[in-house]
Amino acid sequence: MSHTVAKRPTHMGDAIFEGLARFAGLFVLVLLGGIIVVLFVGGLPAFRQFGVSFLTSDDWDPVQQTYGALVPVFGTLATAILALLMAVPLAFGIAFYLTELAPLWFRRPVGTAIELLAAVPSIIYGMWGFFVIVPIMAEYVQPFVIDSIGEMPLIGGFFQGPPFGTGIFTAAMILAVMIIPFIAATMRDVFETVPAVFKESAYGLGCTTWEVMRSIVIPYTRASVVGGIMLGLGRALGETMAVTFVIGNTNRIATTIFGPGNTIASIVALEFPESETGSLKLASLLALGFILFAISFIVLAISRTLLKSGAKA
Amino acid sequence: MTMKIALSALTLGLATMAGAQAQQITGAGATFPAPVYTKWGEAAKAATGLELNYQAIGSGGGQNQILQRTVDFGASDAPMSAEKLEAGKLLQFPTVMGAVVIIVNLPDVGMNELKISGEMLADIYAGKITKWNDPKIVEMNKSAKLPNLAIAPVYRADGSGTTFVFASYLSAVSTDWKDKVGAATSVKWPAGAGAKGNDGVSATVHNTRGGIGYVEYAFASQNKLTTIQLRNKAGHFVKPEMASFQAAAASGDWANAKNFAVDLIDRMGDTSWPIVSATFIELPKDPKDPIRSANVMKFFDWAYKNGSALAVNLEYVPLPETVQAAVRSAWHTQIVSPDGKPVY
């Protein structure tokens, strides 16, 4: 009924602190706005030159000065979605194991190991991927698949091609390894917050461990689980060095599962140093950065709607 | 008392730093000559006290940096066009010549055993020839064991002068390549996968069964990669070795080359290797810091006089004496300090 009226700060210290806090909040907004403006203004020449076809063209020709965003955007989305598909079940399994099945003395070391994995710098993942995973893929996995499934009549064509070892699939694997720690740690922390009384009453009714997980724990923690997955997706979308080493750096959409490709982050990392200031290529790269920003924004909006609809249900 | 000590220590420290800075020169650019520049830098430091800081970020990056004057000199395998040199007020001069060779990864094929022609190489990189046992390749290599393996072409994903040299060669031997793709530090490759740097290309070819790539000769010889023979303009198959590079370099028409940008691609000559190129340095004609600019010229002058043995050791071809003299006179006449006097 009565609402509290904000009192005027009476002490100097309070006034200064309030001002600093307000400044910090505004600073974040200003920084975000600044980044968006720089990307948009820098990418404007490319948008003006190519129009909407910039988003649908798979041409990337520095000699003819025509650029299109389709290949990097496809690569970014394909690697991120593939990585999520591989990472979420594994992360869920890790969180489930750590909270329900593992013996108590085992939980601390594994939990710490997961957090350490999250702290490994991404370029280390890139180097590990390039020097360990890529040769294994190129010498054993890809030739095996190409020689066996690649020879089959209908689907064979999709599994053929030179065994580079790099490619969208390898990059998605490395990304999956990188985002598992984030998602698993978030899931585990949040699974542990479920009040024991809920679980015990479910067990009392005769539910199995899996039924408890499915009907009690996951609905209770849905918002945070989705948040953890979005965190992992955000990292996968923007990951640069790990992907650049293993994606194959090709400006074509692959027609085979092992084909090389490009992501927005990797094409910017490789082509930015050589782009002259004021050139159309630099404008195209900045435009690509703006598109990545827009993709992240859309992903965030989707996750918000998922949470809202989940909360209503 | 402590203040005085602290102050004098600070000034001494700054003075030594300033003294050290005065002897440092920074450059950025091509990975092609990076091994020889690094070796020259080490030797020059002992002999002249000049310290070279060279970043191998690729020819495109080197050109960009010197146009923005963030480094003392830029290094590029692709010669800059005359208009760009005019607009950027840069002087371009060559340092050494080197060769681009082709490396392959085929299980039963030995060093310099495989023979292909320039047009076939262009077709491989255009994605027209896709298997190693293609009839055209088999016909040229009757004695080699060519498997039913997909060809995996590897190219430079970063902006590279090595790409410029290789793509110039492909444009010279295949009109189809010239029309569809062209030559630049970065082109639209119709087939294959990219890797970063000369070392990235050799690592990728090494990892990929059936791989083929182009690298600078020093990388191939020092990492003992399997190279192939190419058919040159005179119709002979030549091996990539020092003698064939020198034959190509000797046929260069330096006198008529504008801004020293001589064309050594696909030269006539029975024993010439077809993919040879000089590598260039770009220096500002109006240096803001004449001392640093003079130090750069002092470094390269020392390298011309004393660095030839090191260059040959690393499998590069040194410049002819006449060209070195022409470069020195260009330094003297074209690079002037703000008060109008020649810097070196």
Problem set entry | Complete set of residues in segment B:206-235 that are assigned to a helix (DSSP H, G or I), open to solvent by less than 40 Å² (accessible area, probe 1.4 Å) and at the interface with chain A (Cβ under 10 Å from one of its Cβ atoms) | B:Asn207
Exercise. Do any residues in segment A:12-36 that are touching a residue at least 40 places away in the same chain (Cβ under 8 Å) have Cβ atoms under 8 Å from those of residues that are of a type in the set (Phe, Trp, Tyr), where the two are at least six apart or on different chains, and which pairs are they?
Worked result: A:Ile35/A:Phe293; A:Ile36/A:Phe290; A:Ile36/A:Phe293
Exercise. Within segment A:210-218, is even one residue closer than 27 Å to A:Leu77 by Cβ and at pLDDT below 90?
Worked result: yes
For this session: Collect the residues in segment B:236-279 that are closer than 22 Å to B:Ser329 by Cβ, open to solvent by 40 Å² or more (accessible area, probe 1.4 Å) and at pLDDT 90 or above, keeping them in residue-number order.
Result: none
Problem set entry | Selection within segment B:45-63 - within 11 Å of chain A (Cβ to nearest Cβ), open to solvent by 60 Å² or more (accessible area, probe 1.4 Å) and out of contact with any helix residue (DSSP H, G or I) (no Cβ under 9 Å at 6 or more places or on another chain) | none
For this session: Give the residue, chosen from A:Ser284, A:Ser296, that is assigned to a helix (DSSP H, G or I), in contact (Cβ under 8 Å) with a residue 12 or more places away in the chain, of a type in the set (Gly, Ala, Ser) and in contact with a strand residue (DSSP E or B) (Cβ under 8 Å, 6 or more places away or on another chain).
Result: A:Ser284
For this session: Kindly list the number of the only condition in (1) out of contact with any helix residue (DSSP H, G or I) (no Cβ under 7 Å at 6 or more places or on another chain); (2) among the aliphatic types (A, V, I, L, M); (3) over 29 Å from A:Ala184 (Cα atoms); (4) modelled with pLDDT of 90 or more that fails for A:Ala6.
Result: (4)
Problem set entry | Verdict on B:Trp302 being touching a residue at least 60 places away in the same chain (Cβ under 8 Å), open to solvent by 10 Å² or more (accessible area, probe 1.4 Å) and assigned to a helix (DSSP H, G or I) | yes
Exercise. Within 28 Å of B:Gly62 (Cα to Cα), within 19 Å of the chain's Cα centre (by Cα), of a type in the set (Val, Ile, Thr) and part of a loop (DSSP other than H, G, I, E, B) - does that describe any residue in segment B:287-299?
Worked result: no
For this session: Please go through segment B:204-223 and pick out each residue that is in contact (Cβ under 8 Å) with a residue 60 or more places away in the chain and hydroxyl-bearing (Ser, Thr, Tyr).
Result: B:Thr208, B:Tyr214, B:Tyr217, B:Ser221
Exercise. So B:His332 fits all but one of (1) closer than 25 Å to B:Ala248 by Cα; (2) open to solvent by 50 Å² or more (accessible area, probe 1.4 Å); (3) touching a Pro at 6+ places or on another chain (Cβ under 8 Å); what number is the exception?
Worked result: (1)
For this session: Could you tell me whether segment B:78-86 includes any residue that is among the hydroxyl-bearing types (Ser, Thr, Tyr) and modelled with pLDDT of 90 or more?
Result: no
Exercise. Where residues in segment A:134-159 are open to solvent by less than 30 Å² (accessible area, probe 1.4 Å) and in contact (Cβ under 8 Å) with a residue 12 or more places away in the chain, which of them is farthest from the other protein chains (Cβ to nearest Cβ)?
Worked result: A:Val145
Problem set entry | Evaluation of B:Leu67 against (1) away from every other protein chain (no Cβ under 13 Å); (2) out of contact with any strand residue (DSSP E or B) (no Cβ under 6 Å at 6 or more places or on another chain) (one fails), failing number | (1)
Exercise. From the list B:Ala157, B:Ala152, B:Ala193, which one is facing another protein chain (nearest Cβ under 8 Å), under 27 Å from A:Trp60 (Cβ atoms), in contact with a Lys or Arg (Cβ under 6 Å, 6 or more places away or on another chain) and in contact (Cβ under 8 Å) with a residue 12 or more places away in the chain?
Worked result: B:Ala157
Exercise. Which of the residues belonging to segment A:108-131 are more than 11 Å from chain B (Cβ to nearest Cβ), open to solvent by 60 Å² or more (accessible area, probe 1.4 Å) and part of a helix (DSSP H, G or I)?
Worked result: A:Arg108, A:Pro109, A:Thr112, A:Glu115, A:Leu116, A:Leu117, A:Ala119, A:Ile123, A:Ile124, A:Met127, A:Trp128
Problem set entry | Any chance B:Ser171 is modelled with pLDDT of 90 or more, within 14 Å of chain A (Cβ to nearest Cβ) and closer than 30 Å to B:Lys89 by Cβ | yes
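The values are calculated or read from the model by the stated rules, or taken from the named source; none is laboratory data. In this text the structure is predicted, and so the values were computed from the model without any measurement. Every residue, glycine among them, receives a Cβ derived from its backbone with ideal geometry; neighbour counts consider all protein chains shown. Quick note on the areas: whole protein, heavy atoms, side chains included, nothing else; ligands and nucleic acids left out. Shrake-Rupley method; radii C 1.70, N 1.55, O 1.52, S 1.80 Å.
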